[in-house]
1. Per residue, how much accessible area does the chain show when a 1.4 Å probe rolls over the protein heavy atoms, in square angstrom?
2. Carbon and sulfur together cover what percent of the accessible area of the chain at a 1.4 Å probe radius?
3. If you count, for each residue, the other Cβ atoms within 10 Å and average over each peptide, how do 13-21, 263-271, 62-70, 223-231 line up from highest to lowest?
4. Roughly how many debye, to the nearest 20, is the charge dipole of the range 41-155 about its Cα centre, given +1 on each Lys and Arg Cβ, -1 on each Asp and Glu Cβ, and no other charges?
5. Amide H to amide H under 5 Å from residue 135: which residues, 5+ apart in sequence or cross-chain, H placed 1.01 Å off N in plane?
6. Given Cα pairs under 8 Å that are at least 6 residues apart, what percent is the relative contact order of the chain?
7. Run the quick spin-label model on residue 9 and residue 192: label points 7 Å from Cα toward the beta carbon, then report their separation in nm to one decimal.
8. Report the label-to-label distance for residue 90 and residue 115 in nanometres (one decimal), using points 7 Å from each Cα along the Cα→Cβ vector.
Amino acid sequence: AYLKGQGLQDKKCIGIGSTFNLKVALSGDDVVDSLTLASLWLACTYGGFGARTRRGFGGIRLKVRDGTLPAEWTESEINTPGMEHYRELEYLPVTGVLEKPLEHVETLLHRKKMEPAQPRFDNRVRPLYPVLGEGVTTANLSSWCDRGWNGIATTTGERYRLFRATEDNSGSSTTYSPKVATPERRILRTGKDSEFPLGALGLPIGFKGNETVNLVQGAEELRRASPLWLRFVGDDRTGEWRLFSFVFLNRFKPESALVRHNKKPVRRLTVTDEHVDKSAVDWLRYTSVPVGEAPEPPR
């Protein structure tokens, strides 16, 4: 329920193990078809479909049944990999099965007489948008595991809540347990600080009493989806499930955008790229601590 978020706790999910057939009509142009399958492979290997994909929902595993693939792909390569693939990753690579298909990006740009928006895979420059590669992504497979999807999702939800809410809230009249709150809630209440690192995990954020922290640019309210992605991965041989986490380290917000608390008087808050980096490092370190052991405080 915590990972589903507000308003979605009662929504039903398609059950784990459900299967369906997907027919992909290829164009016959290997340049286009190879990149199309690369996109599908990326979505099935790291992403998802539908609501709350960044919080572990909508995961799909692809298994080719029949058909002719472009020259750069074999059936074993296009199929979604098992847990061993995720176990080895410290970032999202552009090598392996993606290396040859990605060469076609420049071919397409040449056809259209276009230049790349910025140097490819240059980790010396913080990218404006999510890209793959070392230095611009970071990843980790959790130490905690479970025998089923529901178990790993429940454990992850509990751990993610405790990661975000690190302050005692035992004096509260609320009924949830444990009674903890985010440090940023205190920041908003006291008004003594403008640093708002919780915003690095996604904006807007809503609080009780219609209080909201928004990302705004001029008169327009923007959404900044979380750079942290959670994905549940299973091992067909053992039945074991673990959490795979990864973070895109692109620029957090446009230069002219502001983070703002809407309570009167309106306050300007600070969320930086450094907050994103620290949240990423802290969460990956947190997922490395087995359940039952006391993790280091994330902040």
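1. Working: 17280 Å² over 299 residues.
In whole numbers, the chain has 58 Å² accessible per residue.
2. Working: 8820 of 17280 Å².
It is 51 percent, rounded to a whole number.
3. Ranking the peptides 13-21, 263-271, 62-70, 223-231 by packing returns 223-231, 263-271, 62-70, 13-21.
4. 540 debye
5. Correct list: empty.
6. 20 percent
7. 3.2 nm
8. 3.5 nm
The values are calculated or read from the model by the stated rules, or taken from the named source; none is laboratory data. Just so you know, these numbers come straight off a predicted model, no measurement behind them. Cβ atoms come from the backbone with ideal geometry, glycine included; neighbour counts cover every protein chain shown. These area figures cover heavy atoms from the full protein model, side chains too; ligands, DNA and RNA do not enter into them. Shrake-Rupley method; radii C 1.70, N 1.55, O 1.52, S 1.80 Å.
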